[in-house]
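Chemist: So that we are looking at the same thing, I have put the structure below in structure tokens.
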Amino acid sequence: MRVTWNAFQDFKHEGLVKSIGVANFLPHHFAALEGEVPVIDQIEYHIGYLQEEAFAYCKEHDILVEGWAALGRAELLQSATVQTMAATYQVNPAQLCLRFCLQQGVLPLVKSADEQRMRLNRDVFSFTITAADMEKLKSVGQVAWSGEHPDKAIPLDPAD
Ligand SMILES: NC(=O)c1ccc[n+]([C@@H]2O[C@H](COP(=O)([O-])OP(=O)(O)OC[C@H]3O[C@@H](n4cnc5c(N)ncnc54)[C@H](OP(=O)(O)O)[C@@H]3O)[C@@H](O)[C@H]2O)c1
């Protein structure tokens, strides 16, 4: 990972890219990097899977969290808590999930192959989730986790 990160930094110094970041890094992975701090860490993040340690680490080091599977691969849309709360805000459950990320300071990464749903997913700026409701959403137990864990994919030997 160190070799890759050094190559990324070279790309930036050569002006080939503007910003460099990482994906699926947990706090212990960052220690392996030398030089620049990544601008972004793309991790699984959604209601029901908040990765609090990685989130806190990124916040402390001014690293933007980009949350992949912001809808929990659509599984979250079946959650009774999400559905009920979305109805009170008169929005779609997907919009509630995406708005939750934004209010957490997380950039949601959502995928849709459907144009109408893409439009709906970007229409998340006309309502605000109250602080009390944010707390309710944060306290939902683990839901819709992908089952993927970075330590299964990222080498723990930094020289790799
Ligand atoms: N860095 C990583 O390791 C990593 C790992 C996994 C995923 N990702 C990236 O994260 C992105 C999103 O992940 P994901 O696709 O697994 O999960 P996701 O965005 O949470 O869920 C996608 C699913 O939600 C449906 N959907 C989207 N908008 C909807 C809406 N408004 N209403 C109802 N259903 C809706 C989609 O169906 P339709 O297409 O039919 O709308 C699709 O089945 C992908 O682009 C992926 O490349 C990154």
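The values are calculated or read from the model by the stated rules, or taken from the named source; none is laboratory data. Since this is a predicted model, take the numbers as computed values, not measurements. Methodologically, a virtual Cβ is constructed for each residue, glycine included, from the backbone with ideal geometry; neighbour enumeration extends over all protein chains shown.
Chemist: Being hydroxyl-bearing (Ser, Thr, Tyr) and either within 11 Å of residue 96 (Cα to Cα) or touching a residue at least 40 places away in the same chain (Cβ under 8 Å) (or both) is the filter here; which residues of segment 127-145 pass it?
Modeler: 128
Chemist: Let me ask something else. Step by step: first the residues of segment 1-31, then only those that are of a type in the set (Val, Ile, Thr) and closer than 18 Å to residue 68 by Cβ, then the one that is surrounded by the most Cβ atoms within 10 Å (Cβ to Cβ). Which residue is that?
Modeler: In this case the residue turns out to be 22.
Chemist: Do we have residue 107 as away from the ligand (no atom under 12 Å from the Cβ), under 30 Å from residue 4 (Cα atoms) and either at pLDDT below 95 or among the hydrophobic types (A, V, I, L, M, F, W, C) (or both) here?
Modeler: Against the criterion (away from the ligand (no atom under 12 Å from the Cβ), under 30 Å from residue 4 (Cα atoms) and either at pLDDT below 95 or among the hydrophobic types (A, V, I, L, M, F, W, C) (or both)), residue 107 does not qualify.
Chemist: Might you check whether a residue that is buried (at least 17 other Cβ atoms within 10 Å of the Cβ), under 19 Å from residue 139 (Cβ atoms) and under 12 Å from the mean Cα position of the chain (by Cα) occurs anywhere in segment 32-44?
Modeler: yes
Chemist: So which of 142, 116, 78, 90 is on the phi > 0 side of the Ramachandran plot and among the polar types (S, T, N, Q)?
Modeler: 90
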